[in-house]
Amino acid sequence: MAEFDVDLFVIGGGSGGVRAARIAAGHGARVMIAEEYRMGGTCVIRGCVPKKLLVYASHIHHDIEDAAGFGWSIASATFDWPTLIANKDKEIARLEAAYTANVEKSGARIVKARAVFENPNTLRLATGEAVRAKYVLIATGGAPNHGFAIPGIEHVISSNEAFHLSVLPKRIVIQGGGYIALEFACIFAGFGSDVTLIYRGDNILRGFDDDVRAHVRSEMEKEGIAILTGCTVNRVDKHGEEFTSHLSNGASVASDQVMFAIGRHPNVAGLGLEKAGVAINPGNGGIAVDGFSRTSVPNIYAIGDVTHRTNLTPVAIREGHAFADTVFGKRPVQVDHAEIPTAVFSQPEVGTVGLTEAQARAHFSHVDIYKSSFRPMKATMSGRDTRMLMKLVVDALTDRVVGCHIVGDGAAEMVQLVAIAIKMKATKADFDATMALHPTAAEELVTMRTPTARHVRQAAE
Ligand SMILES: Cc1cc2nc3c(=O)[nH]c(=O)nc-3n(C[C@H](O)[C@H](O)[C@H](O)COP(=O)(O)OP(=O)(O)OC[C@H]3O[C@@H](n4cnc5c(N)ncnc54)[C@H](O)[C@@H]3O)c2cc1C
């Protein structure tokens, strides 16, 4: 009898786990992958993909409004939420089937069951079966936080449920100031819902550049979203189909749904980590790993959101690929977590890469800022009251562009490309030497000639 049933057992069929399973199988490993819910994981089933589909759908509201300035009259456009949700579900089912087929094609075996550790080399499936594995990859992702158990928390939904509401709420209260809260606030506002966003901090999008935070907030407020900062939801009462959210500042807000998007935690509960001896990172509550995603136990690795490093799909995929190449491809690879571009699909959207102004000032003694806020060409005819923001952060001693922040239509697409230049250590002179492409919004990135701010830190006496 062979010592191990498989060379690799992957726990979790999400972005990272699927990539690792496929690549390891391609390297000749005998692979089993367990998924307790649906293949594809958070990103495909209840994250990036369905979210972006809803963003597209809600943005059409803007397009219809903007059409009039260009001579189009669109008589009584109507929107049907159940049709959107049904079509979205069909697309997600198609993707889930594609993920399943690709894993099977690679030679890895899928088991549709929860898996937990019995010891460092043995997994127990919910079916009762025990599987002995030479290596184990933990790729169990994350889950929404519900925060404190406030009275009425049972009435509160998370992003998971928001994707499956049977009725579009006429009024919704969303607690949170991060990207998921903002994206859903803008999605519902686009469909005509009355949206109140509640955030405990002084401004939304903590961790983003301060100009981005202020700009997005003012644009969302122009769209009619009420943003209440410096307070929290302390209690939720239900009366029939309605809810009242009682806030820490004494105010209350009535709505048809209450959603919390106040962060996510790594999925480590009940995994049997203690039986395997896998250590948790006390700094972030995720599984502790080294640069190769190896845990405290030599044959066990962890990747993606469960490590709580950078919780993004492309990062989980890279980490899964790097793990498979390192362990089964005889090619040790460490993932570079620097300068990861990221987006917020709010309306207007945000694209950002590299350092914020505040971070750059903490890192470098001389920092130049190039900033421009302007009315996009389309808005001149549509009459929409909106402005774009473009900002470059430059280390003035080396002339390197160390940060780029954009708010406005196409921001995410632009920043994906700017991220290549930044990764290649492009200087401001390289940006200036690049010919503008006219007429675009992106040309602003290569035509901002004069710094709008210069910061020089005096050497300590
Ligand atoms: C609303 C929302 C929007 C998002 N938008 C974006 C975006 O625009 N861009 C972006 O890059 N990222 C986005 N993300 C984040 C992205 O979805 C995650 O970073 C990514 O899915 C992480 O992949 P993963 O493989 O680590 O985990 P997941 O994709 O979460 O996969 C983990 C899988 O493991 C399964 N599982 C857990 N425990 C077990 C067990 N014991 N046994 C068997 N199976 C188990 C789960 O069911 C799940 O399918 C979004 C997330 C959310 C919630």
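The values are calculated or read from the model by the stated rules, or taken from the named source; none is laboratory data. No experiment lies behind these values; they were computed from the predicted model shown. Heads up, the Cβs are rebuilt from the backbone with ideal geometry, glycines too, and the neighbour counts pull from every protein chain shown. To get the accessible areas, we keep the full protein, side chains included, count just its heavy atoms, and leave off ligands, DNA and RNA. Shrake-Rupley method; radii C 1.70, N 1.55, O 1.52, S 1.80 Å.
Of the residues making up segment 139-152, those that are open to solvent by 30 Å² or more (accessible area, probe 1.4 Å) and either closer than 20 Å to residue 185 by Cβ or free of Cβ contacts under 8 Å to residues at least 40 places away in the same chain (or both) are 145, 146, 147, 148, 149. Taking the criterion of being within 13 Å of the ligand (Cβ to nearest atom) and part of a loop (DSSP other than H, G, I, E, B), the residues of segment 139-153 that qualify are 139, 140, 141, 145.
For the subset of segment 219-238 comprising residues that are out of contact with any helix residue (DSSP H, G or I) (no Cβ under 7 Å at 6 or more places or on another chain) and free of Cβ contacts under 8 Å to residues at least 40 places away in the same chain, which member is farthest from residue 171 (Cα to Cα)? Among those that are out of contact with any helix residue (DSSP H, G or I) (no Cβ under 7 Å at 6 or more places or on another chain) and free of Cβ contacts under 8 Å to residues at least 40 places away in the same chain, it is 230.
Does segment 320-334 include one or more residues that are under 29 Å from residue 209 (Cβ atoms), open to solvent by less than 60 Å² (accessible area, probe 1.4 Å) and touching a residue at least 40 places away in the same chain (Cβ under 8 Å)? No, segment 320-334 has no match at all. Please work out if residue 93 is over 28 Å from residue 274 (Cα atoms) and free of Cβ contacts under 8 Å to residues at least 40 places away in the same chain. Yes; evaluated as a whole, the condition is true for this residue.
Somewhere in segment 339-360, is a residue part of a helix (DSSP H, G or I) and loosely packed, with under 15 Cβ neighbours inside 10 Å?
First pass over segment 339-360, keeping only residues part of a helix (DSSP H, G or I): 357-360.
Next, only the ones that are loosely packed, with under 15 Cβ neighbours inside 10 Å stay: 358.
Yes, that holds for at least one residue.
Regarding segment 62-71, can at least one residue be identified that is within 26 Å of residue 191 (Cβ to Cβ) and near the ligand (Cβ under 8 Å from one of its atoms)? It would help to see each step written out before you state the result.
Here is the first cut: in segment 62-71, the residues within 26 Å of residue 191 (Cβ to Cβ) are 62-71.
The next check asks that each one be near the ligand (Cβ under 8 Å from one of its atoms); those that pass are none.
The answer is no; no qualifying residue exists.
Scanning segment 259-274 for residues that are within 13 Å of the ligand (Cβ to nearest atom) and surrounded by fewer than 17 Cβ atoms within 10 Å (Cβ to Cβ) yields 263, 269, 270, 272. Taking residue 202, is it acidic (Asp, Glu) and in contact (Cβ under 8 Å) with a residue 24 or more places away in the chain? Taking the combined requirement at face value, the residue satisfies it.
Working only within segment 307-330, note down all residues that are hydrophobic (A, V, I, L, M, F, W, C) and more than 14 Å from the chain's Cα centre (by Cα). Listed by number, the residues that qualify are 322, 323, 324, 327, 328.
Applying the set (1) crowded, with 22+ Cβ neighbours inside 10 Å; (2) near the ligand (Cβ under 7 Å from one of its atoms); (3) under 17 Å from residue 187 (Cβ atoms) to residue 50 leaves exactly one unmet item: (2).
For residue 20, indicate whether it is aliphatic (A, V, I, L, M), open to solvent by 50 Å² or more (accessible area, probe 1.4 Å) and at negative phi. Please lay out each step first, then the result.
Values: aliphatic (A, V, I, L, M): yes; open to solvent by 50 Å² or more (accessible area, probe 1.4 Å): no; at negative phi: yes.
No.
Conditions tested, residue by residue: (1) over 29 Å from residue 350 (Cβ atoms); (2) small (Gly, Ala, Ser); (3) outside any loop (DSSP other than H, G, I, E, B).
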| position | (1), (2), (3) |
| --- | --- |
| 201 | no, yes, no |
| 213 | no, no, yes |
| 243 | yes, no, yes |
| 250 | yes, yes, no |
| 268 | yes, no, no |
| 283 | no, yes, no |
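Of the residues 156, 173, 136, the single one that is aliphatic (A, V, I, L, M), buried (at least 23 other Cβ atoms within 10 Å of the Cβ), touching a residue at least 60 places away in the same chain (Cβ under 8 Å) and away from the ligand (no atom under 15 Å from the Cβ) is 173. Checked against the criterion of being among the charged types (D, E, K, R) and closer than 30 Å to residue 110 by Cα, segment 65-84 has no qualifying residue. Number of residues in segment 437-461 that are out of contact with any Gly (no Cβ under 8 Å at 6 or more places or on another chain) and either among the acidic types (Asp, Glu) or open to solvent by less than 40 Å² (accessible area, probe 1.4 Å) (or both) equals 9. Is it the case that some residue within segment 386-394 is more than 24 Å from residue 177 (Cβ to Cβ) and either open to solvent by 40 Å² or more (accessible area, probe 1.4 Å) or among the aliphatic types (A, V, I, L, M) (or both)? Checked segment 386-394: at least one residue is more than 24 Å from residue 177 (Cβ to Cβ) and either open to solvent by 40 Å² or more (accessible area, probe 1.4 Å) or among the aliphatic types (A, V, I, L, M) (or both). Taken as a whole, the structure places residue 123 among residues that are within 11 Å of the ligand (Cβ to nearest atom), under 19 Å from residue 12 (Cα atoms) and surrounded by 13 or more Cβ atoms within 10 Å (Cβ to Cβ).
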